[in-house]
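First comes the structure, then the notes that go with it.
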Amino acid sequence: MLIERRRNIEGFVFLAAFALCIPAANWLISNFGTLCPPEGPCLIPVAPGILAPSSVLAIGVAFVLRDLVQRRLGINGALGAILAGTLLSVLVAPPSLVLASVMAFFISEMADFGIYTAMQKGNFVLAVAASSLVALVLDSVVFLALAFASLDFLIGLVLGKTWIVLLSLPLVAWLRRRDARLGFTPHEG
């Protein structure tokens, strides 16, 4: 009973953080960066000589959090998070980026969901890494193609999101070890 309650509380914390990534990404891309051209996204350096839209900071985290939502709240919780996130994207994306934001979010999150679901029972950390990496490439390609009809920032977006995912993996591994120690099993439904 206590473990179930703790799993649900953590799941809703992960869900809230996941939902906050969506407005954060939309705010960042328009307001935060080392370079903010008037007709383009705000940019941050992700490697020497490589810039990316600053939304990478929030989107990379979102992929990992979606997996954690599914681990805690199950498949229905994850699908509900994707649907809610898609609708939230409609509400918070700048008008010029709504279509790109919504399509990139939905397509990439569904890919993340499919890969993570297939791999999660084998190796949780690898499932999070693999599903996030595939999803972040899809997210980057779809967003750039629809928002700017250009893949100019593709390397920067992929690299920036990859850094965020890689930086989160020690936390994911720690959660896995802690879950095992506590007898905490992933939500199956």
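What follows draws every value from the coordinates through simple rules; no lab data is involved. Values in this document were obtained by computation on a predicted structure and should not be read as measured data. Heads up, the Cβs are rebuilt from the backbone with ideal geometry, glycines too, and the neighbour counts pull from every protein chain shown.
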According to a simple spin-label model (label point 7 Å from Cα along Cα-to-Cβ), what is the distance in nm between residue 145 and residue 166?
2.6 nm
C-alpha long axis of helix 124-148 to longest principal axis of the chain, angle in °:
20 degrees
0 to 90° range, to nearest 10: angle between helix 98-119 axis and the chain longest Cα axis:
30 degrees
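Based on the Cβ-Cβ distance of residue 178 and residue 83, what FRET efficiency does E = 1/(1 + (r/R0)^6) give at R0 = 41 Å, to the nearest 0.05?
Values: r = 29 Å, r/R0 = 0.71.
Efficiency computed from Cβ-Cβ geometry: 0.90.
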Output needed: Cys residues of the chain lacking any neighbouring Cys C-beta below 4.7 Å, sorted by number.
21
Once label points are set 7 Å from the Cα along Cα→Cβ at both residue 4 and residue 118, what is their separation, rounded to one decimal in nm?
3.3 nm
